[in-house]
Amino acid sequence: MPSEPAPDLWAPAFLTMPPRADTLGDIAVDLAGACSLELDEHQRQAVDALQSINADGSWAMLEGAIVEPRQNGKSAGILMPIALAAAVFVPRQLIVWSAHRYKTSHEAFLAMLALFGPEDDPSELGKLVAKRSFSTGDEGFTFTNGSRIVFVARSQASGRGLSGDLVILDEALFLTGAMMGALFPTLSARPNPLVLYASSAGLATSDILRGIRDRGRGGDPSLVYVEHCAPEGCAAEDCDHGKAAVGCAADNPDNWRAANKAIGAGRMTVTYIAAERRALPVPEFLRERMGWWESPAVGGLFHMPDWWKVQDPDTVPGPGIALAVHITPDRAASSVAVASPRGDGRTHVEVIEHREGVSWVLPYVVDRCERHGIEKVVVAGGMAAGALVPDLEDLPGFDTLNSIETRRACARFYDAVRDGQLAIRPHPDLDAAVTAAAPSSEKGEWVFTAAADIDLSTLYAAAIATYAALGAVDYDLMSSFG
């Protein structure tokens, strides 16, 4: 059963352990030490728990999770020793290390590569590696015993592409139902599979990770669950955790130490966290440093089974590509999506870029138009992206949607999802936006809306691109909404 937050310097706030006969954690820790990876006590405890086995040597659980604030050593000190031990000590194992985006999986690849030394003068561990693969999307290592470790970005792979004997799902706060639904059936053919989740505390849209948390804190016997976070409870019951709040738990250095074991290990300082508290927006500090979860998004507009049905990782655009740009109202993030008829009655839809800020949008869109023959470029003129109109209006087929057309674009996209008329290339940020989306009005025509701080730019870009791609198709725009 889950424990209460403990005063022990290293103890997790929540720990669920199924019955077990032993652990392979000591083997993984010893291997890490031989590679000059010295683990702190909290990392050793996590590795010990996540390597629990039955008397016959099989895993004592199907899933394991480590949830803690960023920069506390999850990747190098917990995931890497487990992945290396699986590859080195068990022949012909497939270890798949995945992250939300390529950059994170690539950094994990480089960190492991450094342990092997140069190919012409490898380390003792490096001598066990028969092949090193550096191609983007195919990075990884093949060992002399036939085992492989591959590094992939989930935004570029379907759930089926994640299957292995050991599957590491880093940045698990971005997992989607489609990924999980595709992954788990494939594991049934593996003789002894193990899925490991690693993440900081969940976002409002982290429904999958929140479910794992609830199962873990509730004592699910098929899950090892380790969570480090600060205790909650401020001097004032209605504390908003703002930077001027008096007696806020988010300002207590003891709470910082409870959530961030890297302080006790000497890899992080209280002085730095104090400066971070002053610098970061309050919601980010609470989640990223205190380990406090965001409240679930309200959402409820889309019927999610309909959404998962229109996911198609193999879809490709046809002729007549329309490109749409959308920017969040606070201009904190922007998205670019494309859509085009496929010729089979469905419309290809794809979010091709989603980044922070706005300055990157114009050169990115111009480049895509020049290289890919985009036929239409569209923005919602009355929303934040309307500020780009003077810079975009000379691009091919440029147009703006007025407020009525924007509402119709939202309605058309909703109907097309419901009726299975789209083929959407999976994108975790788009999944998150769809999960959180609600209508702005209960009656009449509406646009998408969501709780504060939810980024819907991917959803708007997809809807506007779809509207532009369908053009003057004979379609009852308001078939569902009067």
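The values are calculated or read from the model by the stated rules, or taken from the named source; none is laboratory data. What you see is a predicted model, and the numbers here were worked out from it, not measured in a lab. All Cβ positions, glycine included, derive from the backbone under ideal geometry; neighbour counts span all protein chains shown. To get the accessible areas, we keep the full protein, side chains included, count just its heavy atoms, and leave off ligands, DNA and RNA. Shrake-Rupley method; radii C 1.70, N 1.55, O 1.52, S 1.80 Å.
Scan region 57-99 for residues that are basic (K, R) and in contact with a Pro (Cβ under 7 Å, 6 or more places away or on another chain) and report the count. Qualifying residue count, region 57-99: 0. In region 422-445, the residues that are within 17 Å of H100 (Cβ to Cβ) and in a helix (DSSP H, G or I) form Cβ pairs under 8 Å with partners that are open to solvent by 10 Å² or more (accessible area, probe 1.4 Å) and among the charged types (D, E, K, R), at six or more places apart or across chains, as follows: D429/D455; A432/D455; A433/D455; T435/D207. Taking residues in region 403-416 that are outside any helix (DSSP H, G or I), and partners anywhere that are modelled with pLDDT of 95 or more, not one pair has Cβ atoms closer than 7 Å while being at least 6 places apart or on different chains. When region 326-337 is filtered for residues that are among the β-branched types (V, I, T) and open to solvent by less than 10 Å² (accessible area, probe 1.4 Å), the ones remaining, listed by number, are I327, V336.
When A83, A114, A87, A108 are checked against the criterion of being surrounded by 18 or more Cβ atoms within 10 Å (Cβ to Cβ) and more than 24 Å from the chain's Cα centre (by Cα), a single residue qualifies: A87. Residue pairs whose Cβ atoms lie under 7 Å apart, sitting 6 or more positions apart in sequence or on different chains, and linking a residue in region 16-44 that is over 14 Å from G64 (Cβ atoms) and buried (at least 20 other Cβ atoms within 10 Å of the Cβ) to a partner that is at pLDDT below 95 and of a type in the set (F, W, Y), are H42/W10. Checked against (1) surrounded by 23 or more Cβ atoms within 10 Å (Cβ to Cβ); (2) at pLDDT 95 or above; (3) out of contact with any strand residue (DSSP E or B) (no Cβ under 7 Å at 6 or more places or on another chain), I168 passes all but a single condition, namely (3). Evaluate region 374-396: report whether one residue or more is of a type in the set (G, A, S) and touching a His at 6+ places or on another chain (Cβ under 6 Å). There is at least one residue in region 374-396 that is of a type in the set (G, A, S) and touching a His at 6+ places or on another chain (Cβ under 6 Å).
Would you call R217 closer than 21 Å to W10 by Cβ, open to solvent by 10 Å² or more (accessible area, probe 1.4 Å), touching a residue at least 60 places away in the same chain (Cβ under 8 Å) and over 18 Å from the mean Cα position of the chain (by Cα)? Yes.
Can you confirm whether region 282-294 contains a residue that is in contact (Cβ under 8 Å) with a residue 60 or more places away in the chain, farther than 24 Å from L173 by Cβ and open to solvent by 20 Å² or more (accessible area, probe 1.4 Å)? Quick ask: steps written out before the conclusion?
Residues of region 282-294 in contact (Cβ under 8 Å) with a residue 60 or more places away in the chain: 283, 287-294.
So of that shortlist, the ones also farther than 24 Å from L173 by Cβ come out as none.
Looking for residues that are in contact (Cβ under 8 Å) with a residue 60 or more places away in the chain, farther than 24 Å from L173 by Cβ and open to solvent by 20 Å² or more (accessible area, probe 1.4 Å), one finds none in region 282-294, hence no.
When every residue of region 240-256 is checked against the conditions, at least one turns out to be under 14 Å from R70 (Cα atoms) and open to solvent by less than 60 Å² (accessible area, probe 1.4 Å). Search region 379-400 for residues that are within 19 Å of A333 (Cβ to Cβ) and pair each with any residue that is among the aromatic types (F, W, Y) and surrounded by 14 or more Cβ atoms within 10 Å (Cβ to Cβ) when their beta-carbon atoms are under 6 Å apart and the residues are at least 6 apart or on different chains. Final answer for the pair search is L392/F398.
Per the conditions (1) open to solvent by 20 Å² or more (accessible area, probe 1.4 Å); (2) free of Cβ contacts under 8 Å to residues at least 60 places away in the same chain; (3) of a type in the set (S, T, N, Q), the sole criterion not satisfied by S75 is (2). Scanning region 392-447 for residues that are open to solvent by 30 Å² or more (accessible area, probe 1.4 Å) and charged (D, E, K, R) gives E393, D394, D399, E405, R407, R408, R418, D419, R425, E442, K443, E445.
Considering region 381-402, the residues that are assigned to a helix (DSSP H, G or I) and hydrophobic (A, V, I, L, M, F, W, C) include one that is farthest from C369 (Cα to Cα), namely A384.
Scanning region 123-152 for residues that are within 17 Å of A111 (Cα to Cα), of a type in the set (A, V, I, L, M, F, W, C), open to solvent by 20 Å² or more (accessible area, probe 1.4 Å) and over 30 Å from the mean Cα position of the chain (by Cα) gives a single hit, L128. If you go through region 112-144 and keep only what is within 15 Å of L31 (Cβ to Cβ) and assigned to a loop (DSSP other than H, G, I, E, B), you end up with S123, E124, L125. Inspect region 263-275 for any residue being of a type in the set (S, T, Y), open to solvent by 20 Å² or more (accessible area, probe 1.4 Å), part of a loop (DSSP other than H, G, I, E, B) and over 26 Å from G64 (Cα atoms) and give the result as yes or no. Looking through region 263-275, at least one residue is of a type in the set (S, T, Y), open to solvent by 20 Å² or more (accessible area, probe 1.4 Å), part of a loop (DSSP other than H, G, I, E, B) and over 26 Å from G64 (Cα atoms).
Annotation: F109 fulfils all but one of (1) assigned to a loop (DSSP other than H, G, I, E, B); (2) of a type outside the set (S, T, Y); (3) in contact with an Asp or Glu (Cβ under 8 Å, 6 or more places away or on another chain); the unmet one is (1). Do we find that L323 is surrounded by 20 or more Cβ atoms within 10 Å (Cβ to Cβ) and either without any contact (Cβ under 8 Å) to a residue 12 or more places away in the chain or farther than 30 Å from G242 by Cα (or both) in this structure? Yes.
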